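Asker: Following this message is one structure expressed as structure tokens.
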Amino acid sequence: LTTAVGSALAVAAMVACSACGSGSDSITVSDPWARPSPPETDSTAIYVVLTNRTDGANRLVAAKTGRCERTELHRTEISDDGVASMVPAVDGDLMFGPGEELAFEPNALHVMCIGIEEPLVVGESFDVEFTFAVGEPLTVAVAVRQP
Amino acid sequence: MSTPETSAPETSAPETSNPDVDPMTAPLPRRSSGRFGVSMPVLTAAVVAVAVLGVVVGRWAVGVFSPHLYAGTVLQADEPAPAMSALSFADTGEPVDFGAESGDVVLIFFGYTNCPDVCPATMSTVTRALDQLDPDQRARTEVWMVSVDPGRDDAESLQTYVEFFDPEFRGVTGTVKAIDQASTQYGVFYELEPTAAEGADDYLVDHTASLFGVGPDGALRVIWSPTVTAEELGADLRELL
């Protein structure tokens, strides 16, 4: 049984690592996805949960992809009376300590993708490179899907 | 729910008067133990049955009589929702008119097509909430998106945008003055915000991203935060319909 559990864990670890992308194994990635871009728009948002598996603090510096003319790291703020505003994420928003998650999700932190040449269509995926203050950049395959 | 065997004595009683059966050897009617002529297992079964019935009826009564707790903010005033008649539907170009939709629930959202996070997030929440309605409820729910960015959203692009989420959704737009008037009436704030990058055509719009629910009677009934879940919104819509 121990062997079975051991191999199951090994397989799970391999599967998990295949999602890590290349470059770094100290930051793990889960559920990278992007909204399909509606027609008539040239922007959309990319979401991902990054987990710091190292013993040192880190900070996301940028997320780049060839699919967007440029990307910005934004945070949606929704006030108590429902006013939504997008503000550029500041360094403090992008810090994550050992064991901490940096979650990009709807109505919160997101990678804003501006200047889409080819529409992002459900079912496809594209590479996004995340760069950090510490360590190697991480290239992640981001799936285009509905939430 | 099965009835316990309390009726057994009555049905078996006539057998004792059957002339073909010797009353001395015939099996006794099942009327054996218990002071009231009911056996303990039967009594227990009856008590359990009553208890179960009580729970079932209780739950039904709670469902029927207790008010639905809306996830959105419920407005008590019976005033008609602000008409927005100076604005037009993006698909037909006709002035916005609630009258024609009488009996329907109308969900109104103020947004803009170049909004990358909160608008598509809310629109897909609405889409998923509508999936929880039955076909009749769905047919009686209208979804309108009012553009707060008339400088970039022309009627055609706005309609194309909303149809991306659902072919039944309708864009609503008009002059800046008409949009200002409608947003004031709904208590919607919006303001153009330049982005970090340069370029006159590149800006974001801070805006009230709440969803407004107009009831079948034409009164503004519920306001939802953009963070409402599809499940919450679906349940509220079923109640509102």
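Asker: Residues A:P36, A:P32: which one is modelled with pLDDT of 55 or more, of a type outside the set (F, W, Y), assigned to a loop (DSSP other than H, G, I, E, B) and closer than 16 Å to A:E105 by Cα?
Answerer: On the way: A:P32 fails: assigned to a loop (DSSP other than H, G, I, E, B).
Of A:P36, A:P32, the one residue that is modelled with pLDDT of 55 or more, of a type outside the set (F, W, Y), assigned to a loop (DSSP other than H, G, I, E, B) and closer than 16 Å to A:E105 by Cα is A:P36.
Asker: Give me the residue from region B:200-233 that is among the β-branched types (V, I, T) and open to solvent by 40 Å² or more (accessible area, probe 1.4 Å) and, out of that set, farthest from the other protein chains (Cβ to nearest Cβ).
Answerer: Within region B:200-233, the first condition is being among the β-branched types (V, I, T), and the residues that meet it are B:205, B:208, B:214, B:222-223, B:227-229.
After this cut, where a residue has to be open to solvent by 40 Å² or more (accessible area, probe 1.4 Å) as well, the list is B:223, B:227, B:229.
Numbers: B:I223: 7, B:T227: 6, B:T229: 11 Å.
So, considering only residues that are among the β-branched types (V, I, T) and open to solvent by 40 Å² or more (accessible area, probe 1.4 Å), the one farthest from the other protein chains (Cβ to nearest Cβ) is B:T229.
Asker: For residues that are closer than 30 Å to B:S183 by Cβ and either charged (D, E, K, R) or more than 9 Å from chain B (Cβ to nearest Cβ) (or both), tally how many sit in region A:88-114. Spell out the reasoning first.
Answerer: Of the residues in region A:88-114, the ones closer than 30 Å to B:S183 by Cβ are A:88-90, A:93, A:104-114.
After this cut, where a residue has to be either charged (D, E, K, R) or more than 9 Å from chain B (Cβ to nearest Cβ) (or both) as well, the list is A:89-90, A:93, A:104-105, A:109, A:111.
Final tally of qualifying residues: 7.
Asker: Right, next: State which residue pairs qualify: first residue without any contact (Cβ under 8 Å) to a residue 24 or more places away in the chain and inside region B:71-92, second residue surrounded by fewer than 17 Cβ atoms within 10 Å (Cβ to Cβ) in any location, beta carbons under 8 Å apart, and separation of 6 or more residues or different chains.
Answerer: Once the first residue is without any contact (Cβ under 8 Å) to a residue 24 or more places away in the chain and sits in region B:71-92, its partners that are surrounded by fewer than 17 Cβ atoms within 10 Å (Cβ to Cβ) give B:A83/B:D97; B:S85/B:P95; B:S85/B:D97.
Asker: Applying the selection to region B:108-141, what residues are within 14 Å of chain A (Cβ to nearest Cβ) and assigned to a strand (DSSP E or B)? I'd like the intermediate steps shown before the answer.
Answerer: Taking region B:108-141 and keeping what is within 14 Å of chain A (Cβ to nearest Cβ), we get B:108-131.
B:I108, B:F109, B:F110, B:G111, listed by residue number.
Asker: Let me ask you something else. Only residues in region B:158-175 that are within 13 Å of another protein chain (Cβ to nearest Cβ) count as the first member; pair them with residues that are surrounded by fewer than 20 Cβ atoms within 10 Å (Cβ to Cβ) and of a type in the set (V, I, T), Cβ under 6 angstrom, at least 6 apart or cross-chain, and list the lot.
Answerer: Filtered contacts from region B:158-175: B:F165/B:T127; B:D166/B:T127.
The values are calculated or read from the model by the stated rules, or taken from the named source; none is laboratory data. A quick note: this is a predicted structure, and the numbers were derived from the prediction, not measured. We place every Cβ from the backbone using ideal geometry, glycine too, and count neighbours over all the protein chains shown. Surface areas here come from the heavy atoms of the whole protein model, side chains and all, with no ligands, DNA or RNA. Shrake-Rupley method; radii C 1.70, N 1.55, O 1.52, S 1.80 Å.
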